[in-house]
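Read the structure below first, then the notes.
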């Protein structure tokens, strides 16, 4: 379980969700019906079906039960600009699926997503020890595909039978053996280090 995580690289912070973040996430997920990032990521939820009070009650329950441990927020300049997440695709094959969303279009094409995803993938490999990490996105999301390719992920040759909102999707993967051969495997958190929770083997911050 990953609790109270905080990682930094350059000006990018990846950290656990806190109570103070819930209202901001409501705005991002449900209140902003024109959010471009949701169209690209296949996360176009119905608008107006969830009330703020109902959302806050449900999210607070998740927070209390620590079920947000698979999500981290991305902060740039103390502003929440996105999130990363993971889930076990298959424990049998030891494969974890990761995802990332950058909310603000003005933050795209500046390297923030690439660096945040690199830090996240490195953290997942080092802490949860999967054999493979995969990422799935719409085939039309060329920006996400290029980002994954920069980090060494390759398109899976196997057919991808599922669709995202009726659109074809692309599955990309990288094994741990291939990851450690990339320059990204050396990415680490070097600022604002809390020595009490530093893993000296790879310089990432977390609190168990």
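The numbers here are math on the coordinates, done by the rules we state, and not lab data. None of the values given here were measured: they were computed from a predicted structure. Note: ideal-geometry Cβ built from the backbone for every residue, glycine included; neighbour counts use all protein chains shown.
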Quote to one decimal, in nm, the extra length available between residue 140 and residue 19 on full extension: 0.36 nm per residue of separation minus the C-alpha distance between them.
40.1 nm
Grab the beta carbon distance between residue 94 and residue 11, set R0 = 35 Å, and tell me the FRET efficiency rounded to 0.05.
0.60
Assuming 0.36 nm per residue, please report the length gained on full extension of the stretch residue 50 to residue 131 beyond their Cα-Cα distance.
25.4 nm
Packing rank of 74-85, 15-26, 109-120, where each peptide gets the mean count of other beta carbons within 10 Å, highest leading
109-120, 74-85, 15-26
Between residue 58 and residue 156, with labels modelled 7 Å along Cα→Cβ, what's the label distance in nm to one decimal, could you check?
2.7 nm
